[in-house]
Amino acid sequence: LSEMTAEAVRSHVALVNQEHHVFVGSLRDNLRLARAEAGDEDLWAALAAVDATPWARALDKGLDTEVGSGAATLTPAQAQQIA
């Protein structure tokens, strides 16, 4: 690093923020923030990719379960999986 210019270092470094936010709405609404046209199959595939399928399928209304402030409580790990 000491031999690299600041510009060169910046071109090789990325910041990955660990903060997450769940918006008020359904689980489906939160997942569709990434791709509005996603169908249920796509949403379940996204949940499977982050190992969130077991807890998501256990929700009373599945993808239609309301999450966020005043709704179904998600653990910090679950919130990060859908963020």
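What follows draws every value from the coordinates through simple rules; no lab data is involved. Quantities reported herein were computed from a predicted structural model and do not represent experimental measurements.
Points to keep in mind about this one:
- Each 10 Å bin from zero holds the following percent of Cα-Cα pairs in the chain: 16, 44, 16, 12, 10, 1.
- Stretching the chain fully between residue 19 and residue 34 yields a gain of 3.8 nm (0.36 nm per residue, less the alpha carbon separation).
- Between 0 and 90°, nearest 10: helix 40-49 axis offset from the chain longest Cα axis: 50 degrees
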